[in-house]
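Trainee: One structure is given below, represented as structure tokens, and several questions about it will come after.
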Amino acid sequence: MNTTSTAGKRDWIALGILSSIALLLSIDVSVLYLALPHLSSELGASAPQQLWIMDIYSFMLAGFLVTMGTLGDRVGRRKLLLIGSAAFGVISVAAAFSSSAEMLVVTRALLGIAGATLMPSSMALIRNIFRDPKQMGAAIGIWFSCFMVGMAAGPLVGGLLLQHFWWGSAFLLGVPFMAVVLIAGPLVLPEYRDGTAGRLDLASVALSLGAILPAIYGLKEITRSGWQPPALVAVAAGLAMGALFVRRQRRLADPLLDLRLFGNRAFAASLTILMLGGVVMAGVTLTVTTFLQSVAGLSPLAAGLWMIPPSLVMIVALSAGPMLARRVQPAYVMAGGLALGAAGMALMTFADATSGVPVLVVGLVLAQAGIALPMGLGNGIMMAAAPPEKAGSAASISETSGEFGVAVGVAALGSLAAAVFRAGLPAEVKADTLAGAVAETLGDPALLAAARAAYTSGLHAVAGVGAALFLGLAVLTVTVLRARAGRGERPVALAEQVAA
């Protein structure tokens, strides 16, 4: 680690390595979108197995983030990162040469666990490497930009690989990334561990998994099948285990998750803003992509091309946030971004079913740019507000909340869109999904137009709720973050300097 207040060349090289990890892990979330039909055909995967192949990676990643973030604080963040990198590389090879659907499900699960060792450790190391608050804010912005690039590029990368190679090449992509980390990591990454931390509480690990995995699973099932009893039971079980987890953490001298982090209002407010922002953006993005294909009638490729501008703008805005905050107080930059996002979603409510694509895309561009500003700065505030020895825990909380935000947004706002859609359907249409309604009404232009208009009303409802939530979050940002900074509290004062 550098011994001066500003980072040197070696530190920026270290950031490049850590950002490449973020890029790879986000690519792995979406790289199978196009490869799934090919591997399903070759491995003979059933429909449920296909769902598990797609979902098990994100399930296990979300489930183990808290455990691995805290484990890195205890055993050493670089050590855990290198162990996880080696495991990720080996398991990637095994996944690429899977001989059955069951083997691929297992290897995808193991990849998720290995990925969970990498994400919080990489962000926590940024907290340790960049001690100058300005540079730390910029570094976190770059890290998140790489993560978003990977999310956008995953399907494209998968398509290019499938054009020239077999489906397993999508997994081999991770091997050279991990080789670079294993070779260069020991040379440029510093080691950091909390020497005062106690032993890892295995009961807390079990409770955290029992809370996160059923909740994420239940939310995903709600998205697919609606509010059915099995999904609701899974969510309820997760919440119950979560309550037991919190109760145990309060009683332990060395908890798995230090709940005192939530006592810092800057940390808690930033976490709330980012999680609810994720809820809104997940729901809005889901309804927009469905509109592009099922209402506007675009092909998957054409719909994907329309989604490129919002993604590019978001990537640019993530890096622009710290630069803007050098001239304007960070709380105001974050609130301004949320207001911009609210304006974008308000614009979406004016899109119609016949010619609404440009309006929707412009609105989504504004929304993505708006959420990117509090996303980069908010994570910087969270990391700066956390003590260095708790950076791994802070990073895992941030990343786990992001996973929950996406799952809740897709389930809750997706259900809102579906409810408004069903309420607006003509009585003659019996289907309860947009795809079913389109298929049912193809021979009747009037009914088809009515079905598309009904879904557009659902999109308007989601965008309207999103705009209201963003405006509320903008008020929260100014009220809490600016007010706490005005009282001169040290963690918030440091957080304010993240991009000042």
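The values are calculated or read from the model by the stated rules, or taken from the named source; none is laboratory data. All values reported here derive from a predicted model rather than from experimental measurement. Methodologically, a virtual Cβ is constructed for each residue, glycine included, from the backbone with ideal geometry; neighbour enumeration extends over all protein chains shown. Accessible surface areas use protein heavy atoms only, side chains included; no ligands, DNA or RNA. Shrake-Rupley method; radii C 1.70, N 1.55, O 1.52, S 1.80 Å.
Trainee: Just need a number here: residues in the stretch 318-330 that are under 16 Å from S270 (Cα atoms) and either more than 22 Å from the chain's Cα centre (by Cα) or not aliphatic (A, V, I, L, M) (or both).
Mentor: Final tally of qualifying residues: 5.
Trainee: Name the residues in the stretch 402-424 that are open to solvent by 10 Å² or more (accessible area, probe 1.4 Å), modelled with pLDDT of 80 or more and small (G, A, S), would you?
Mentor: A412, G414, S415, A418, A419, A423, G424
Trainee: Quick one: what pairs do we get from the stretch 9-23, first residue under 15 Å from L187 (Cβ atoms), second of a type in the set (A, V, I, L, M) and open to solvent by 10 Å² or more (accessible area, probe 1.4 Å), C-beta under 6 Å, 6+ apart or different chains?
Mentor: R10/V188; I13/V188; A14/V188; I17/A184
Trainee: Now, a different point. All but one of (1) closer than 25 Å to I56 by Cβ; (2) in contact (Cβ under 8 Å) with a residue 24 or more places away in the chain; (3) assigned to a helix (DSSP H, G or I) hold for V180; which doesn't?
Mentor: Among (1) closer than 25 Å to I56 by Cβ; (2) in contact (Cβ under 8 Å) with a residue 24 or more places away in the chain; (3) assigned to a helix (DSSP H, G or I), the lone unmet condition for V180 is (1).
Trainee: Any idea which residue in the stretch 316-348 is surrounded by the fewest Cβ atoms within 10 Å (Cβ to Cβ), counting only those that are farther than 16 Å from L366 by Cβ and of a type outside the set (A, V, I, L, M)?
Mentor: Taking the candidates together, the pick is R327.
Trainee: Which of the residues belonging to the stretch 454-482 are open to solvent by 40 Å² or more (accessible area, probe 1.4 Å) and either in a loop (DSSP other than H, G, I, E, B) or modelled with pLDDT under 90 (or both)?
Mentor: Those that are open to solvent by 40 Å² or more (accessible area, probe 1.4 Å) and either in a loop (DSSP other than H, G, I, E, B) or modelled with pLDDT under 90 (or both): L476, V478, T479, R482.
Trainee: Quick test for you: out of L305, L286, pick the one residue that is touching a Gly at 6+ places or on another chain (Cβ under 9 Å), open to solvent by 40 Å² or more (accessible area, probe 1.4 Å) and not hydroxyl-bearing (S, T, Y).
Mentor: Details: L305 fails: touching a Gly at 6+ places or on another chain (Cβ under 9 Å).
The unique qualifying residue is L286.
Trainee: Within the bounds of the stretch 90-109, is there any residue that is crowded, with 17+ Cβ neighbours inside 10 Å, within 20 Å of the chain's Cα centre (by Cα) and at pLDDT 90 or above?
Mentor: Checking the stretch 90-109: not a single residue is crowded, with 17+ Cβ neighbours inside 10 Å, within 20 Å of the chain's Cα centre (by Cα) and at pLDDT 90 or above.
Trainee: Exactly one condition in (1) surrounded by fewer than 18 Cβ atoms within 10 Å (Cβ to Cβ); (2) closer than 30 Å to A451 by Cβ; (3) of a type outside the set (A, V, I, L, M) is not met by Q368; state its number.
Mentor: The failed condition is (1).
Trainee: Going through A435, A427, A431 one at a time, which residue ends up being assigned to a helix (DSSP H, G or I) and either surrounded by fewer than 21 Cβ atoms within 10 Å (Cβ to Cβ) or not hydroxyl-bearing (S, T, Y) (or both)? Before the answer, list the steps.
Mentor: On the way: A427 fails: assigned to a helix (DSSP H, G or I); A431 fails: assigned to a helix (DSSP H, G or I).
Every option except A435 fails the conditions.
Trainee: Filter the stretch 77-96 for residues that are closer than 14 Å to I183 by Cα and not basic (K, R) and give the result.
Mentor: L81, L82, I83, G84, S85, A86, G89
Trainee: So Y57 passes all but one of these: (1) more than 30 Å from D194 (Cβ to Cβ); (2) at pLDDT below 85. Which condition number does it fail?
Mentor: Condition not satisfied by Y57: (1).
Trainee: Which of the residues that make up the stretch 214-233 are in contact with a Phe, Trp or Tyr (Cβ under 7 Å, 6 or more places away or on another chain) and either farther than 19 Å from A282 by Cβ or open to solvent by 60 Å² or more (accessible area, probe 1.4 Å) (or both)?
Mentor: Going through the stretch 214-233, the residues in contact with a Phe, Trp or Tyr (Cβ under 7 Å, 6 or more places away or on another chain) turn out to be 216-217.
Within the stretch 214-233, Y217 is the sole residue that qualifies.
Trainee: Tell me whether the stretch 202-210 contains one or more residues that are over 23 Å from the mean Cα position of the chain (by Cα), in contact (Cβ under 8 Å) with a residue 60 or more places away in the chain and open to solvent by 30 Å² or more (accessible area, probe 1.4 Å).
Mentor: no
Trainee: Also, quick follow-up: Mind checking which pairs have a first residue in the stretch 321-333 that is more than 13 Å from G137 (Cβ to Cβ) and a second that is modelled with pLDDT of 80 or more and buried (at least 24 other Cβ atoms within 10 Å of the Cβ), Cβ under 7 Å, 6 or more apart or different chains?
Mentor: Once the first residue is more than 13 Å from G137 (Cβ to Cβ) and sits in the stretch 321-333, its partners that are modelled with pLDDT of 80 or more and buried (at least 24 other Cβ atoms within 10 Å of the Cβ) give A331/T477.
Trainee: The conditions are (1) at pLDDT below 80; (2) crowded, with 17+ Cβ neighbours inside 10 Å, and G488 fails exactly one of them. Which is it?
Mentor: Condition not satisfied by G488: (2).
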